[in-house]
Amino acid sequence: MIANASELFEQLEFTENPLYERIITDLLEKKYSVVDDFFNADEVDLLRSTLLEKYEEDNFKKAAIGNRTNEVIAKSVRGDFILWINEAEAGPAENVYFNKINSLVAYLNRTCFMGILHKEFHYAVYPEETFYKRHLDTFQNDGRRKLSMVCYLNNEDWTPENGGELAIYTHEKGEEKTINLYPFPGRVVIFESQELEHEVKPVKVPRLSITGWLKTR
């Protein structure tokens, strides 16, 4: 009886989140979702300034291909520099970020039973003329990544002419379709890691973001 009462109480406590529901609907229908209001301007400014501060301190390293147990640096494939974010050692900016991500994860696990238990995120800087060729966000020796996420931290005056768009490749009725998503500040893109190939087009102005994955056990 106590367990049943507890479960009923939890159900009564649940409040539907329209933004999260929109993300879920998008993932079900298209396997990707684009949210332009996930982070507000002040939050983006805080995250951007923190990224730039850490980048100027020379804490970033050249990104590699493969997972952490099998990394290979390949400039012909990707050109970004990254800094992994440790949630346990997060500062004020990272806490703002993880608070929202953790809220989304809790909602997904509760409503969609996704079983997300782990997260991996890093700051990313694409210098001028760099790119990331078409790829899938899973590995032969590790299929735990379920959802890929990227949050753009570029300046407010970012324009499509600056390049660096995310190209997502989908298939509809047997035909491939390319979705080009520009890295406007505050925009978050979420997509299925094991389903959608994607690439970062050549960058004409340095491109800033937080990129990561929601993972199962």
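Arrange the peptides 115-126, 170-181, 48-59, 143-154 so that the one whose residues have, on average, the most other Cβ atoms within 10 Å appears first. Mind showing how you got there, number by number?
On the way: 115-126: 19.1, 170-181: 10.6, 48-59: 14.3, 143-154: 21.9.
Highest to lowest by the protection proxy: 143-154, 115-126, 48-59, 170-181.
Heavy-atom accessible area per residue, the chain, 1.4 Å probe: how many Å²?
On the way: 11830 Å² over 217 residues.
Spelled out: the 1.4 Å probe surface of the chain, per residue, equals 55 Å².
Output the direction-averaged projected area (hull surface divided by four) of the convex hull of the alpha-carbon atoms of the stretch 80-179, in nm². Could you put the intermediate results ahead of the total?
Working: hull surface 37.7 nm².
Projected over every direction and averaged, the Cα hull of the stretch 80-179 covers 9.4 nm².
Treating only the Cβ atoms of Lys and Arg (+1) and Asp and Glu (-1) as charged, compute the dipole magnitude of the chain about its Cα centre; round to the nearest 20 debye. If you can, show how the numbers build up before the last one.
Working: 26 positive and 37 negative charges, 173 e Å.
Taking the Cα centre of the chain as origin, the dipole is about 820 debye.
Let me make sure I get this right: for the stretch 134-217, a, b and c are the square roots of the gyration tensor eigenvalues over alpha carbons, sorted descending. Under 1.5 in a/c it's rounded, otherwise prolate if a/b > b/c, else oblate. Which is it?
Numbers: a/c = 2.31, a/b = 1.42, b/c = 1.63.
Taking the square roots of the gyration eigenvalues as a ≥ b ≥ c, the stretch 134-217 is oblate.
Show which lysines lie in cross-link reach of K215 when reach means a straight Cα distance below 19 angstrom and same-chain residues fewer than eight apart are skipped.
K31, K100, K119, K146
The values are calculated or read from the model by the stated rules, or taken from the named source; none is laboratory data. What you see is a predicted model; the values in this text were computed from it and never measured. For neighbour counting, all protein chains shown are included, and Cβ atoms are generated from backbone atoms with ideal geometry for every residue, glycine included. Note: accessible area is taken over every heavy atom of the protein model, side chains too, but ligands, DNA and RNA are not part of it. Shrake-Rupley method; radii C 1.70, N 1.55, O 1.52, S 1.80 Å.
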